[in-house]
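To keep things clear, I will list the structure first and then write my remarks on it.
The values are calculated or read from the model by the stated rules, or taken from the named source; none is laboratory data. Because the structure is predicted, anything quoted here is derived from the model rather than measured. Please note: Cβ atoms are built from the backbone with ideal geometry, for glycine as well, and neighbour counts cover all protein chains shown. The accessibility values were calculated without ligands, DNA or RNA, using every heavy atom of the protein model including side chains. Shrake-Rupley method; radii C 1.70, N 1.55, O 1.52, S 1.80 Å.
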Amino acid sequence: MERWQHRVALVTGASVGIGAAVARALVQHGMKVVGCARSVDKIEKLAAECQSAGYPGTLIPYKCDLSNEEEILSMFSAIKTLHQGVDVCINNAGLARPEPLLSGKTEGWRTMIDVNVMAVSICTRETYQSMKERSIDDGHIININSMNGHSVVPQSVVHFYSATKYAVTALTEGLRQELREAKTHIRATCISPGLVETGFAFKLHDNDPERAAATYESIRCLKAEDMANAVIYVLSAPPHVQIGDIQMRPTEQIS
């Protein structure tokens with residue numbers, strides 16, 4: 001991770017869960033991390049904790065609604081002005097709504113598309129353009145995917161969500177191919193976890209907190225820190241090594 005010290009990483013959805021854990025880990029390794037979310041209160045608190053702990057990097061909170069392209073473009077413009085540009089992009093922000101294919105609300109489907117697919121694509125495009133204009137040839141784009149992007153489980157409330165994650169699988173491989181066509185050494189990776197103990201299930205089952213809690217009580221789940229360790233592993237790979245996808249589940253998980 002030495003080569004990444006003092007360089008700029010963007011982490012989307014950095015206020016809680018996986019995003020917060022990844023942001024902390026990158027700051028611990030000396031990176032300048034722009035952490036974005038719709039609300040930055042928790043990121044500001046995390047930034048203060050990192051500073052108090054004496055970590056060599058810094059965490060810069062940035063308020064951004066990733067379902068709004070204008071706000072994403074404004075964020076990249078600010079990063080260019082203040083920090084030159086993005087060297088590492090962690091597309092972590094994602095959400096699920098309990099909207100089955102036969103009865104789901106269009107609004108919920110559209111929200112998932114906007115955040116899970118469109119925001120990932122826009123941030124990826126803008127990150128690449130930032131690298132290109134600065135002749136950065138060793139950058140890295142990491143998409144936080146899901147095992148739901150590799151298999152469809154028999155749970156109607158996650159079927160549309162699964163479709164958006166299959167899109168992330170395709171987008172990551174398509175990105176890898178386009179980066180090769182562009183003759184760059186910029187790398188693309190997705191990390192696909194199974195059940196991670198975060199607030200994800202509570203947002204999915206926001207009308208049934210007992211069901212959400214039971215999701216995490218049935219087995220020993222992955223932790224957000226496990227995902228952060230996977231990100232560090234990917235970034236630590238030698239420049240000639242392209243890690244395409246890490247699929248990781250709790251040992252006890254069946255599907």
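With every protein chain left in place and a probe of 1.4 Å, what is the accessible surface of VAL34, to the nearest 10 Å²?
0 Å²
Mind listing the lone cysteines of the chain, meaning no other Cys beta-carbon sits under 4.7 Å from theirs?
CYS50, CYS89, CYS123, CYS190, CYS221
Against the longest principal axis of the chain, how steep is helix 224-236, in degrees 0 to 90 to the nearest 10, with axes from Cα atoms?
40 degrees
In a solvent-free Debye calculation with one equal scatterer on each Cα, what is log10 I(q)/I(0) for segment 1-105 at q = 0.18 Å⁻¹, listed in the order of the q values?
Once normalised to I(0) and log-transformed, intensities are -0.80.
I'd like the antiparallel share, as a percent to the nearest 5, of DSSP beta bridges with both residues in the chain. Write out the running numbers ahead of the final one.
Details: 0 of 28 bridges.
Looking only at bridges with both residues in the chain, the antiparallel portion is about 0 percent.
Taking the Cβ of LYS132 as the center, what net charge do the other residues with Cβ under 13 Å away carry, scoring Lys and Arg +1 and Asp and Glu -1?
Working: positive: LYS80, ARG125, ARG134, LYS183; negative: ASP87, GLU126, GLU133, ASP137, ASP138, GLU178.
Spelling it out: positives minus negatives among the neighbours equals -2.
Using the Cα centre of the chain as the reference point, and only Cβ charges (+1 on K/R, -1 on D/E), how large is the resulting charge dipole? Debye, rounded to the nearest 20. If you can, show how the numbers build up before the last one.
Working: 25 positive and 28 negative charges, 74 e Å.
That gives a dipole near 360 debye.
With bins 10 Å wide starting at 0, give me the P(r) of the chain over every alpha carbon pair, in whole percents.
P(r) over the chain, rounded to whole percents: 7, 32, 38, 19, 4, 0.
Give me the angle, in degrees from 0 to 90, between the Cα long axis of helix 119-133 and the longest principal axis of the Cα atoms of the chain, rounded to the nearest 10.
10 degrees
Grab the other residues whose beta carbon is less than 13 angstrom from that of VAL27, score K and R as +1, D and E as -1, and report the net. All intermediate terms of the calculation are to be shown ahead of the outcome.
On the way: positive: ARG7, ARG24, LYS32; negative: GLU49.
Summing Lys/Arg as +1 and Asp/Glu as -1 gives +2.
Mind checking which lysines have their C-alpha under 26 Å from LYS223, skipping anything on the same chain fewer than 8 residues away?
Correct list for LYS223: LYS32, LYS42, LYS45, LYS63, LYS165, LYS203.
Add -39500 (n - 2.57) for each DSSP H run of 4 or more in the chain, then divide by its residues: what number comes out at 222 nm, to the nearest 500 deg cm²/dmol? Could the numbers behind the result be given before it?
Numbers: 9 runs with 111 residues, N = 255.
Computed ellipticity for the chain at 222 nm equals -13500 deg cm²/dmol.
What ³J(HN,Hα) values, in whole Hz, does the Karplus curve 6.51 cos²θ - 1.76 cosθ + 1.60 give for segment 109-116 when θ = phi - 60°, with x put for Gly and Pro?
4, 5, 4, 5, 4, 4, 8, 7
Non-local amide H neighbours of ASN145 (under 5 Å, H modeled in plane, Pro and chain starts lacking H): which ones?
Those lying under 5 Å, H to H, from ASN145 are ILE191, SER192.
Restricting attention to segment 1-105, which trypsin sites (Lys or Arg not before Pro) occupy a DSSP loop and are surrounded by at most 13 other Cβ atoms within 10 Å? Please report the intermediate quantities before stating the final value.
Details: sites: ARG3, ARG7, ARG24, LYS32, ARG38, LYS42, LYS45, LYS63, LYS80, LYS105; in loops: ARG7, ARG38, LYS105.
Those satisfying the criteria are LYS105.
Using a 1.4 Å probe and ignoring any ligands, DNA or RNA, find the accessible area of HIS29 and quote it in Å² to the nearest 10.
70 Å²
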